[in-house]
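Asker: Starting off with a structure, shown below.
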Amino acid sequence: MLRIMSDGAPQELTLRLHSSIAEIAATEWDACAGTDNPFVSHAFLAALEESGSAGPRTGWLPQHAALRDGAGRLVAVAPAYAKSHSYGEYIFDHAWAHALERAGSRYYPKLQVAVPFSPVPGPRLLIRPGSGIGPEALGEALAQVVGQLGLSSAHVAFCTEAEWQALGAVGWLQRLGTQFHWTNDGYGSFEDFLGALSSRKRKQLRRERRDAQAAGLTFRTLRGAEITRRHWAAFHRFYLDTVDRKWGSAYLNARFWPLLSERLGERVVLMVAERDGEPVAGALNLMGQDALYGRNWGTTVEAPFLHFELCYYQAIDFAIAHGLKRVEAGAQGQHKIQRGYLPVPTYSAHWIAHRGLRRAVAEFLDAERPAMEQEMAELAEASPFREEG
């Protein structure tokens, strides 16, 4: 039982951890999650669990946090998982784990508040509008969970800046990261976007698109029911090929893709390259209220600039056509800058129970944050956009 102050009046709030998203009604969860970001929707998280992609096989054991008021009404939730490793998170704490283990303590299990396998920024502490509480209430409750369950730590990954600030105010350690996002500056077409670039970069992007389009491939954008099981079977092959080349461990299984398509419908956007009518490459995106989120991609053919065309340029085309404010193309990749995707900060917050490790990590993060800010400023100087005279 957690007792907090809300609007000057005390509230009794009860936190419970759920071992399945199915234990929480979709209507209740989504009343807290809202509709802006599909990755925190009940439908997306349920597809991960029901397919077996997030579960014992992959070491992501659901422990979803649900905060209820004295009347039993759900006022806040958080997608949370007990983890026995640090894979699939994209915010790296392996050195912290090794340090604690060298000191004779256990780092795992830990509590990870995140969307599995998805380095997509967005809300993580999901508060029902009008509930009268803020994200710090859920942050304090999660910190209590760490102590009560004897965990080493809790981590909130890729949260919003507002959540990051609220958690910092109640003692969580704050970490900065970087991604590269494209912003729609009111463009009416891809050519309008190219017109905002320097002459040299404009020529480069035109050449890359021309070479990709001349490779004997047909490019199609499919949504919702247009994406068939044949497409998903092919896409799973593409996904496995990318995993084999880069990471060697596939978290998402073949059951996940059609479940995702069934649950999220028109919010699923698949860019496909075909040769003689057969899919040979694909890029998966999810559409939010204001953004297109690029996720997985893969191919079974070699073609010039195919990755750039499917993942970056087709996404920009789609965002312009649908009036979306930005494209978020996933983690890493300084090469995105030259394609108009500029550096933006990402946020994570960390609660560490062990005093010695907490002190060491705090010192590390205090030094890392200004270094990250400096790095982003330097990366921004490589912007391909024309300087305003």
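The values are calculated or read from the model by the stated rules, or taken from the named source; none is laboratory data. Since this is a predicted model, take the numbers as computed values, not measurements. Note that we place each Cβ from the backbone using ideal geometry, even for glycine, and neighbour counts take in every protein chain shown. Only protein heavy atoms, including side chains, enter the accessible area calculation; ligands, DNA and RNA are left aside. Shrake-Rupley method; radii C 1.70, N 1.55, O 1.52, S 1.80 Å.
Asker: Any lysines with Cα under 20 Å of the Lys336 Cα? List them, leaving off those in the same chain fewer than 8 positions away.
Answerer: Lys201, Lys203, Lys246, Lys325
Asker: Taking a probe of 1.4 Å, how large is the accessible area per residue of the chain, in Å²?
Answerer: Each residue of the chain exposes 43 Å² on average to a 1.4 Å probe.
Asker: Whenever you get a sec, compute what percent of the accessible area on region 130-274 sits on carbon and sulfur atoms (1.4 Å probe). Can you show the working numbers first?
Answerer: On the way: 3030 of 6260 Å².
Reported share for carbon and sulfur atoms: 48 percent.
Asker: In terms of modelled amide H atoms, which long-range or inter-chain residues lie less than 5 Å from the amide H of Tyr81?
Answerer: Gln63, Gln112, Val113, Ala114
Asker: In percent, how large is the relative contact order of region 231-389, given Cα pairs closer than 8 Å and 6 or more residues apart?
Answerer: 17
Asker: If I take the Cα coordinates of region 243-329 and project them onto the principal axes, what are the three extents in Å, biggest first?
Answerer: 34, 31, 27 Å, listed from the longest principal axis down.
Asker: Loop only by DSSP, 12 or fewer other Cβ within 10 Å of the Cβ. Give me the trypsin sites (Lys or Arg not before Pro) in region 33-131 that pass, ordered by residue number.
Answerer: Arg57, Arg73
Asker: Roughly speaking, what % of Cα-Cα pairs in region 241-389 are separated by over 20 Å, rounded to a whole number?
Answerer: 63
Asker: Continuing with the same structure: Which whole-Hz couplings ³J(HN,Hα) result when phi for each residue of region 75-90 is put into the Karplus expression 6.51 cos²θ - 1.76 cosθ + 1.60, θ = phi - 60°, listed in order with x for Gly and Pro?
Answerer: Each residue of region 75-90 in turn: 10, 6, 9, 8, x, 9, 9, 7, 10, 9, 7, 10, 8, x, 10, 6 Hz.
Asker: Rounded, prolate or oblate for region 1-153? Axes are the square roots of the Cα gyration tensor eigenvalues, ordered a ≥ b ≥ c, and the cut-off for rounded is a/c under 1.5.
Answerer: oblate
Asker: Could I ask something else about it? List the longest stretch of the chain that has no exposed loop site; here a site is one of the chymotrypsin sites (Phe, Trp or Tyr not before Pro) assigned by DSSP to anything other than H, G, I, E or B, with at most 16 other Cβ within 10 Å.
Answerer: 248-389
Asker: Let me check I've understood the local charge: for Glu28, count other residues with C-beta under 15 angstrom from its C-beta, Lys and Arg +1, Asp and Glu -1. What total comes out?
Answerer: +1
Asker: Kindly identify the chain as rounded, prolate or oblate by the Cα gyration tensor criterion: order the square roots of the eigenvalues as a ≥ b ≥ c, call it rounded if a/c is under 1.5, otherwise compare a/b with b/c, prolate if a/b is larger, else oblate.
Answerer: Judged from the Cα gyration tensor, the chain comes out prolate (a/c at least 1.5, a/b above b/c).
Asker: Check Leu197: other-chain or 5+ apart residues with amide H under 5 Å from its amide H, H built from backbone geometry?
Answerer: Those qualifying (amide H under 5 Å, at least 5 residues apart or on another chain) are Arg386.
Asker: Note down the Stokes-Einstein diffusion coefficient of region 112-245 in µm²/s, whole number, using a Kirkwood radius over alpha carbon pairs, 25 °C, and 0.890 mPa s.
Answerer: 123
Asker: Now for a different question. Quick one: among Glu136, Glu266, Glu23, which has the greatest mean-square fluctuation in a GNM of the chain with alpha-carbon springs under 10 angstrom?
Answerer: Evaluated over the chain, the most mobile residue of the options is Glu23.
Asker: Between region 197-269 and region 340-389, how many Å separate their Cα centres?
Answerer: That distance is 29 Å.
Asker: Find how many whole Å separate the alpha carbon centroid of region 315-338 from the alpha carbon centroid of region 52-79.
Answerer: After rounding, the separation between the Cα centres reads 31 Å.
Asker: Related question: Using θ = phi - 60° and the Karplus form 6.51 cos²θ - 1.76 cosθ + 1.60, what ³J(HN,Hα) does each residue of region 142-148 get, whole Hz, x for Gly and Pro?
Answerer: Karplus-based 3J(HN,Hα) across region 142-148 equals 5, 5, 5, 4, 4, x, 5 Hz.
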